[in-house]
Amino acid sequence: MKRLSSMRAALVAVSLLAAACAGHARKTPSDAPGAALPKPAPTEAARVVDAEPDVRDMNLRAIPELKTVRFDYDSDRLSADARAVLRANAEYLKSHADMKVQVAGHCDQRGTVAYNLALGQRRARGVRDYYKALGVDAARVATISWGKEHLSCTEATEDCWSRNRRSETLEALNAKVAGAPR
């Protein structure tokens, strides 16, 4: 019962944060490595942002060396495979010390908007925290949860759902550091 009430409190907090952040324009990931990413058409007002670099007008681009990590259903736990990918990503980030990034957490299309926003944010923060543990300055890493907003696949199959449960690290081309690490 205690876990359920703390979960409800977290969902209320996420909903309030999402509503506060809803007015900020965002850019979305693309499959074209190295390409500047276009601004999406607004479809879902809610998203969760936890930013050190200022993400309000961030132009993002995929870098081939920064790989996507996958998550199990209803989980924010980093698997051994995910940690291996993130170690390689962290080495790349450490060798490019001036690069700022955004870690975007995504979910499959099952579950409520609020639940998936919270889960996507836990995934993104978990990646950011792992980068920090590996020596990447947390002030260079913003996080955002898109929940189930930006699906990479829309079929109702396990294979498709598993491709949507991901975290992407994208280069922030014009980010400004907004303050000290949290």
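Laboratory data are not the source of any read-out in this text; all were calculated from the coordinates shown. Keep in mind the model is a prediction, meaning the values are calculated, not measured. Quick reminder, even Gly has a Cβ in these numbers, built from the backbone with ideal geometry, and neighbours come from all protein chains shown.
State the Kirkwood hydrodynamic radius of the stretch 98-182 in Å, one decimal place, computed from all pairs of distinct Cα atoms. Don't skip to the answer; put the middle values down first.
On the way: mean 1/r = 0.0747 Å⁻¹.
The answer is 13.4 Å.
Give the calculated FRET efficiency between N174 and E65 to the nearest 0.05, with a Förster radius of 25 Å applied to their Cβ-Cβ distance.
0.80
Kindly put T112, T143, T154 in sequence by how many other C-beta atoms sit within 10 Å of each C-beta, fewest to most.
Details: T112 11, T143 27, T154 8.
Lowest count first: T154, T112, T143.
Counting other C-beta atoms within 10 Å, which of T169, T68 has the fewest, and how do the rest follow?
On the way: T169 27, T68 18.
Starting with the residue having the fewest Cβ neighbours, the order is T68, T169.
Once the piece of chain linking S79 and L151 is laid out straight, how much longer is it, given 0.36 nm per residue of separation minus the C-alpha distance between them?
23.8 nm
Taking neighbour counts of Cβ atoms within 10 Å as a proxy for exposure, in what order, fewest first, do E91, E158, E171 appear?
Least crowded to most crowded, the residues run E158, E91, E171.
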